[in-house]
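Engineer: This is the structure, below, for whatever I ask next.
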């Protein structure tokens with residue numbers, strides 16, 4: 001998501017303080033991009049069974065400055081272990097293993113993984129045997145957070161929220177500069 005805006009109208013509203021326009025706009029843009037990131041995270045968590053910390057950890061914001069009036073956020077990250085999603089059972093049961101481990105990636109849809117099992121190796125992970133022998137095993141992974149963000153990103157809601165915040169913060173910042181100038 002990117003946000004870019006023109007300075008002409010802002011300079012006009014600032015009047016004699018028009019040199020403050022880039023500062024005012026960069027502050028409003030940074031608040032807006034932050035709100036857009038939050039909305040994208042909420043949309044992702046509404047559709048997929050992931051934690052906010054896992055989503056937010058992958059998102060980086062490139063903030064606006066007085067010299068560069070544009071901001072963006074990007075998401076980068078590896079594929080997640082299936083244990084990061086909701087699993088049933090939620091803990092290893094070596095004495096009574098389930099016939100199939102059920103994993104919920106998309107909310108409301110539990111998918112059975114026959115032969116998969118949970119094990120703890122520092123952190124909880126989901127494994128599956130490659131052969132009928134005890135070893136070797138491989139870790140099962142699900143989609144990466146950037147894929148989930150892309151799949152759930154309702155650009156309309158994210159951009160709408162960012163624009164709402166931009167407009168309200170811009171008004172606030174302009175009002176602040178004008179009031180400070182009257183003193």
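No value in this document is a laboratory result; all are computed from the given coordinates. All figures in this text were calculated on a predicted structure; none of them were measured in a lab. A quick note on method: Cβ atoms are made from the backbone with ideal geometry, for glycine too, and the neighbour counts reach across all protein chains shown.
Engineer: With contacts defined as alpha carbon pairs under 8 Å and 6 or more residues apart, what's the relative contact order of the stretch 1-160 in percent?
Structural biologist: 24
Engineer: To the nearest 500 deg cm²/dmol, what mean residue ellipticity at 222 nm is calculated for the chain from DSSP H runs of n ≥ 4 alone, each contributing -39,500 (n - 2.57), summed and divided by the residues?
Structural biologist: Taking each H run of at least 4 residues, the total per residue is -14000 deg cm²/dmol.
Engineer: At a threshold of 8 angstrom on Cα-Cα distance, excluding pairs fewer than six apart, so keeping six or more, what relative contact order does the stretch 101-162 reach in percent?
Structural biologist: 17
Engineer: Hey, can you rank 76-87, 130-141, 115-126 by average C-beta count inside 10 Å, highest first?
Structural biologist: Output ranking for 76-87, 130-141, 115-126: 76-87, 115-126, 130-141.
Engineer: Here's another thing I want to ask about it. For the chain, take N as its residue count and report Rg(C-alpha) divided by 2.2 N^0.38 Å.
Structural biologist: Dividing the Cα radius of gyration by 2.2 N^0.38 Å gives 1.47.
Engineer: Please determine, in degrees from 0 to 90 and to the nearest 10, the orientation of helix 21-47 with respect to the longest principal axis defined by the Cα atoms of the chain, where the helix direction is its Cα long axis.
Structural biologist: Roughly 20 degrees, rounded to the nearest 10.
Engineer: Now, a different point. Give the separation of the Cα centroids, the stretch 84-131 to the stretch 48-71, in Å.
Structural biologist: First find each Cα centre; the distance between them is then 31 Å.
Engineer: OK, next. Tell me, in nm to one decimal, what length is gained between residue 129 and residue 107 on full extension, where the rule is 0.36 nm per residue of separation less the Cα-Cα distance?
Structural biologist: Gain on stretching residue 129 to residue 107: 5.2 nm.
Engineer: Using the Cα atoms as the points, what is the convex hull volume per residue of the stretch 80-143 in Å³?
Structural biologist: Spread over its residues, the Cα hull of the stretch 80-143 gives 88 Å³ apiece.
Engineer: Most exposed first by the Cβ proxy, i.e. fewest other Cβ within 10 Å, how do 111, 24 rank?
Structural biologist: 111, 24
Engineer: Using only Cα atoms, tell me the angle between helix 155-182 and the longest principal axis of the chain; keep it within 0 to 90° and round to the nearest 10.
Structural biologist: Approximately 30 degrees, to the nearest 10.
Engineer: Right, another one. How many nm separate the modelled label positions at residue 175 and residue 163, each set 7 Å beyond the Cα in the direction of the Cβ?
Structural biologist: Here the modelled spin labels are 2.2 nm apart.
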